[in-house]
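The values are calculated or read from the model by the stated rules, or taken from the named source; none is laboratory data. Here the structure is a predicted model, which means the values were calculated and not measured. Every residue, glycine as well, gets a Cβ built from its backbone with ideal geometry; the counts of neighbours run over all protein chains shown. Accessible surface areas use protein heavy atoms only, side chains included; no ligands, DNA or RNA. Shrake-Rupley method; radii C 1.70, N 1.55, O 1.52, S 1.80 Å.
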Amino acid sequence: MASAFGSSRHLSLGEKLWRLNWPVLVTAAVIAAFGMVALYSVAGGSFQPWAERHALRFLLSAGLVIAMAMVRPQAWLKLAFPAYLLALVMLALVPYFGLHAMGAKRWIGLGALSFQPSELMKLALVAALARYYQWLSLERVGQPRWVLLAVAIIAVPVVLTLRQPDLGTGLLFALVGLSMMFLAGTPLIYFAGGLGAVLAAMPLVLSHLHDYQRRRVDIFFNPEKDPFGSGYHITQSKIAIGSGGAWGKGFVQGTQSQLDFVPEKHTDFILTVIGEEWGFAGFLALMAVYVLMLALMLIMAVRARSTFARLLIAGSASTLFVYIFINVAMVTGLVPVVGVPLPLVSYGGTSMITLMAGLGLAMSADLHGGEAIRRDEMGPFL
Amino acid sequence: MFEQDKEEQEAHRRFTRRAAIWAAAQAGAFGLLAGRLFQLQVLENKRYAPLAEENRISLQLLAPKRGRILDRHGAVLADNAETFRVVLSPASTGDVRKTLQVLQKIVPLTPETAASIIKRASHRGRHASIVVASGLTFEQVAQINLLAPQLPGVRTDVSWRRSYPLGPSAAAVTGFTGFLDRSEATTDPVLRLPGVKTGRSGIEAALERELRGESGFEKVEIDARGHVVRMLDWGEPKAGQDIALAIDSGLQKQIYSRLEREARGVCVVIDVGSGDVLAMASAPSFNPSAEAEEAASFNAEQLLSPAVGREYTPGSIFKIVTAVAALRTGRITAGEIIECSGTHDFGGHTRTCWKISGHGPLDLAQALANSCDLYFCELVQRTGVEALRQAGRDLGLERTYEIGLAGELPGALPQERTRPRDAAGREEDKAFAIALGQDAAATPLQLAILTARVASGRAVSPRLVRLSGTPAAGPSALAVPAEALDAVREGLVLAVNGVGSLAGDAMLEKGRSRVAGMAGWTPRDQNRAPAGDGRSDTTAAAKAFIAYVPAGAPRFAAACVLEPSGDTVSPAGNAAALTRDVLDILLNAGPADPHEAAPQGDTAGQTGTIPGWEGR
């Protein structure tokens with residue numbers, strides 16, 4: 001590793017490729033393979049229309065990851081706040097320029113291109129918070145005004161996404177942001193106080209939820225009352241997963257019977273397929289690989305030599321974790337349906353790209369981890 | 001530099017510590033998830049264990065039984081009749097066409113119906129069910145179940161069809177139920193079930209939520225052909241509430257039959273003491289039991305209840321309001337005599353009474369009984385619009401009552417507004433139009449309330465739906481002095497019973513109770529002034545009659561409005577006669593008719609023509 005005095009020795013391309021954190025990339029590939037197998041089954045034993053595309057997307061994303069990893073983290077440092085502001089503006093504009101898809105306005109159409117600003121924000125928020133704490137000196141981390149500023153950085157995107165309405169992504173931002181604050185060393189007393197405030201504000205929040213979000217929470221407690229609506233997904237999903245038993249019904253078996261009742265099984269409810277066909281054993285196997293990936297990322301984070309790098313990696317890992325947790329909890333009926341995919345397994349291009357981009361940021365920070373970023377080399381914003 | 005290094009190391013240490021905690025939390029969360037999956041897949045799997053290979057679990061919503069609509073004695077106005085249906089589930093059916101062919105041997109279907117079913121089977125969600133036919137006989141049901149192996153995805157069930165024992169006579173009150181249009185959004189999943197209807201008008205629509213109840217569910221294991229193998233779990237549906245109305249179905253039926261003989265009309269009857277709406281009939285009506293296909297052809301007009309949804313100019317009935325306003329503000333006393341000579345100049349405008357030769361000297365009661373235009377024009381000028389509005393409101397006009405029917409209109413009272421000037425620069429004078437009741441609008445319900453308030457001296461409010469629990473305290477007294485009301489009532493009694501009375505047709509036969517009442521109508525093209533806000537477009541030219549009975553101790557108040565069909569201008573006798581018949585029905589239905597002895601010298605029971613009065 002380079003010396004702690006912040007040498008900016010440039011590495012050659014070959015050296016960079018050598019230093020790349022291949023284990024974590026391979027692990028991601030294994031997870032994507034799981035996904036491909038499941039999608040093959042969902043399509044009734046065919047690579048079309050999902051499995052093949054899923055694999056291709058992953059390969060392209062992997063290329064993106066490697067490319068991003070080559071870039072020095074200083075670049076991400078400089079881009080962090082601008083990207084955040086850009087994403088913020090776009091999120092704010094969604095109600096005016098947005099397109100409706102599936103009853104929610106989340107996309108901005110730019111001619112042929114359309115993309116979700118919230119996806120950009122997922123990366124930008126992590127980068128911005130990491131950047132923020134890089135700049136903030138240690139003794140300031142615990143001071144109220146800086147804590148409040150961090151909360152504000154998180155809160156604005158949360159509010160904007162809740163308006164769309166996108167409960168799942170809003171929740172993601174909140175949880176990832178809070179975990180980054182925690183990892184940055186914010187004193188625990190703020191978390192205790194914050195929890196208290198949240199509990200107190202709960203009635204207000206509930207009254208501001210969109211009608212269909214409130215119904216989701218309501219149906220959560222009585223899923224049978226809406227068997228053809230969102231309570232349907234959960235009840236059928238639970239039945240399907242449950243019928244898988246310990247060892248599952250076997251490959252491509254589940255989709256012919258119980259799973260026929262589960263909609264969206266190639267996206268949010270892909271775990272249902274795995275649960276029914278591979279049983280508890282299959283589920284554990286997938287979780288094990290996820291845990292491995294998170295562990296590897298954790299090691300990367302601890303190894304890094306600057307706050308920015310550490311938090312960037314940890315933030316990406318947190319994003320991954322929150323996705324996994326919410327999706328599994330949702331599909332098994334622990335948490336109301338909020339529309340969050342299972343990372344790298346669910347079919348869906350945008351979320352895979354975002355996740356992999358996050359991995360790319362992390363790998364970039366890890367690869368160049370030897371270079372500490374000096375605080376006096378940079379101003380507060382750029 | 002060193003500071004920075006030390007700080008950096010400290011930051012690193014902190015991070016590592018926190019990261020360890022974060023990792024532990026994640027591990028805990030994974031443990032929770034694993035535990036949940038374990039619960040679902042290992043522990044609870046036993047519950048689903050005997051599941052055969054191709055069997056699956058199906059979740060079905062159970063429709064709740066709709067609440068009934070009852071009258072004041074508990075007689076049923078809207079009920080649920082059991083009907084057998086045959087239902088198809090495309091997901092379990094396989095070849096829909098073949099299955100339908102087998103089914104047609106038992107239940108004949110038209111080619112259009114069959115085609116439509118096949119089409120819907122391919123479009124709808126695969127697990128939604130389609131009602132193939134309803135109203136099956138028990139034999140048909142038995143045959144279908146016998147042929148079950150040849151009819152995959154087909155099942156029979158019992159459902160309810162809404163029935164209306166009173167049919168068209170109560171349709172304006174009950175309303176009817178129909179299917180939701182697919183374009184209409186719904187938050188209640190029950191409405192997506194096959195055969196579930198929702199209220200479209202009347203009480204059915206207004207109290208939909210109470211009538212509907214809550215759905216139940218059943219979780220069953222079904223085999224590959226969609227036939228139920230066993231029941232796993234269920235939740236009882238909660239039946240809708242029965243709604244009791246103040247309506248008396250016997251009265252409603254009789255009044256409707258009488259009304260039906262007229263071309264087009266509305267009739268509202270109120271109990272003066274409680275405000276209970278005893279009957280609310282309108283003609284022409286429609287048959288609420290008509291099947292869904294016909295229901296689509298109901299026009300918008302049939303969907304509203306005319307008793308609250310149509311406004312009419314009250315015509316001369318408005319003179320009651322004028323009288324109350326003038327008496328209350330002291331602009332006139334009951335005994336003051338004003339002479340009607342047939343024409344008069346009111347501030348530059350020459351006005352003519354309907355009786356061109358003039359009524360001669362009149363006190364208030366006589367003026368009301370003779371419906372003298374000039375007398376009341378004088379009163380309007382003396383009293384002013386503001387006091388008129390106040391009196392009108394106190395008598396129940398220009399407001400809604402929220403009695404439980406949709407589309408209730410509030411009516412209107414005359415307003416102060418800047419008036420256009422005519423060629424001579426004089427302000428257009430509205431007083432005459434106001435006096436003739438042309439500048440106001442009221443629904444039949446409001447006319448009935450006005451009658452009840454005058455009759456009782458209390459601020460009676462209408463009550464259609466009887467709510468459970470103790471009724472609130474009775475209506476408060478009207479803010480009108482007793483002498484004023486006495487004078488008005490005297491006028492109303494005189495209008496029906498006096499010599500040469502205008503409304504003599506409303507009189508009941510000799511020996512029966514005395515009726516007090518008044519007619520109001522809009523003669524065509526006569527002194528017709530638009531009632532502002534373009535309202536004249538919606539108010540119809542009609543004949544109204546209000547009455548209460550018995551005159552001395554009022555029990556019932558009635559308001560009847562007749563609209564002429566075609567171009568005939570019928571004399572006021574029609575509406576008055578109609579009201580008389582209605583009152584007759586009312587009195588016959590109740591307990592012994594409390595007769596009143598005719599007062600001395602009163603020639604009640606005589607009708608006569610007024611000299612100079614020609615069919616107006």
Practice task
Looking only at region A:148-200, count how many residues are open to solvent by 50 Å² or more (accessible area, probe 1.4 Å) and in a helix (DSSP H, G or I).
Solution key: 19
Practice task
Would you point out the residue of region B:1-52, among those that are facing chain A (nearest Cβ under 7 Å), open to solvent by 50 Å² or more (accessible area, probe 1.4 Å) and within 60 Å of the chain's Cα centre (by Cα), that is modelled with the lowest pLDDT?
Solution key: B:Glu44
Problem - Single residue of region B:218-244 satisfying the filter (open to solvent by less than 30 Å² (accessible area, probe 1.4 Å) and touching a strand residue (DSSP E or B) at 6+ places or on another chain (Cβ under 6 Å)) that is nearest to B:Ala171 (Cα to Cα) - result: B:Ile243
Handout entry: Close pairs (9 angstrom Cβ cut-off, 6 or more residues apart or separate chains): of a type in the set (Gly, Ala, Ser) in region B:93-110, surrounded by fewer than 18 Cβ atoms within 10 Å (Cβ to Cβ) anywhere
Key = B:Gly94/B:Arg225
Practice task
Please tell me if A:Leu311 is surrounded by fewer than 23 Cβ atoms within 10 Å (Cβ to Cβ), within 12 Å of chain B (Cβ to nearest Cβ) and farther than 22 Å from A:Ala51 by Cβ.
Solution key: no
Problem - Search result, residues across region B:314-334 that are closer than 22 Å to B:Glu563 by Cβ and open to solvent by less than 10 Å² (accessible area, probe 1.4 Å) - result: B:Pro314, B:Gly315, B:Ile317, B:Phe318, B:Lys319, B:Ile320
Fill in the blank from the handout: Only one of B:Ser201, B:Ser169 is open to solvent by less than 30 Å² (accessible area, probe 1.4 Å), among the polar types (S, T, N, Q) and modelled with pLDDT of 85 or more, namely B:Ser169
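Mind checking which residues of region B:198-217 are free of Cβ contacts under 8 Å to residues at least 60 places away in the same chain and outside any helix (DSSP H, G or I)?
Listed by number, the residues that qualify are B:Thr198, B:Gly199.
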Exercise for the section: Mind listing whichever residues of region B:359-368 are of a type in the set (A, V, I, L, M, F, W, C) and either more than 35 Å from the chain's Cα centre (by Cα) or open to solvent by 10 Å² or more (accessible area, probe 1.4 Å) (or both)? Expected result: B:Leu362, B:Leu364, B:Ala365, B:Ala367
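Being out of contact with any helix residue (DSSP H, G or I) (no Cβ under 7 Å at 6 or more places or on another chain), more than 14 Å from every other protein chain (Cβ to nearest Cβ) and of a type outside the set (D, E, K, R) is the filter here; which residues of region B:55-79 pass it? I'd like the intermediate steps shown before the answer.
Quick first cut of region B:55-79, residues out of contact with any helix residue (DSSP H, G or I) (no Cβ under 7 Å at 6 or more places or on another chain) only: B:55, B:58, B:60, B:62, B:65, B:68, B:70, B:72-74, B:76, B:79.
Pick out the ones that are also more than 14 Å from every other protein chain (Cβ to nearest Cβ) and you get B:65, B:68, B:70, B:72-74, B:76, B:79.
Hits for region B:55-79 are B:Leu70, B:His73, B:Gly74, B:Val76.
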Fill in the blank from the handout: The number of residues in region A:249-281 that are modelled with pLDDT of 75 or more, within 11 Å of another protein chain (Cβ to nearest Cβ) and open to solvent by less than 10 Å² (accessible area, probe 1.4 Å) is 6
Exercise for the section: Determine which single condition B:Ala142 fails, assuming it passes every other condition in (1) modelled with pLDDT under 85; (2) open to solvent by 30 Å² or more (accessible area, probe 1.4 Å); (3) part of a helix (DSSP H, G or I). Expected result: (1)
Exercise for the section: Go through region A:122-136 and count every residue that is open to solvent by 20 Å² or more (accessible area, probe 1.4 Å) and within 14 Å of chain B (Cβ to nearest Cβ). Expected result: 1
Exercise for the section: Determine, yes or no, whether A:Ala362 is within 14 Å of chain B (Cβ to nearest Cβ), under 16 Å from A:Met297 (Cα atoms) and modelled with pLDDT of 90 or more. Expected result: yes
Completion exercise
Going through region B:53-87 in order, the residues found to be assigned to a strand (DSSP E or B), in contact with a Leu (Cβ under 8 Å, 6 or more places away or on another chain) and either open to solvent by less than 10 Å² (accessible area, probe 1.4 Å) or of a type in the set (A, V, I, L, M, F, W, C) (or both) are B:Ile57, B:Leu61, B:Ile69, B:Leu70, B:Val76, B:Leu77, B:Phe84, B:Val86
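Regarding region A:283-305, can at least one residue be identified that is outside any helix (DSSP H, G or I) and either within 19 Å of the chain's Cα centre (by Cα) or facing chain B (nearest Cβ under 10 Å) (or both)?
Going residue by residue through region A:283-305, those that are outside any helix (DSSP H, G or I) are A:304-305.
Of the ones still in play, those that are also either within 19 Å of the chain's Cα centre (by Cα) or facing chain B (nearest Cβ under 10 Å) (or both) are A:304-305.
Within region A:283-305 (the criterion being outside any helix (DSSP H, G or I) and either within 19 Å of the chain's Cα centre (by Cα) or facing chain B (nearest Cβ under 10 Å) (or both)), the answer is yes, since at least one residue qualifies.
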Problem - Residue among B:Leu207, B:Leu232 that is within 23 Å of the chain's Cα centre (by Cα) and either over 18 Å from B:Lys65 (Cα atoms) or not acidic (Asp, Glu) (or both) - result: B:Leu207
Completion exercise
Of the residues in region A:314-328 that are within 9 Å of chain B (Cβ to nearest Cβ) and of a type outside the set (Gly, Ala, Ser), the one that is nearest to A:Gly360 (Cα to Cα) is A:Phe321
Practice task
Inspect region B:96-117 for any residue being in contact with a Pro (Cβ under 9 Å, 6 or more places away or on another chain) and modelled with pLDDT under 80 and give the result as yes or no.
Solution key: no
Practice task
Might you let me know whether region A:332-346 holds any residue that is in contact with a helix residue (DSSP H, G or I) (Cβ under 6 Å, 6 or more places away or on another chain), in a helix (DSSP H, G or I) and either within 11 Å of chain B (Cβ to nearest Cβ) or modelled with pLDDT under 90 (or both)?
Solution key: no
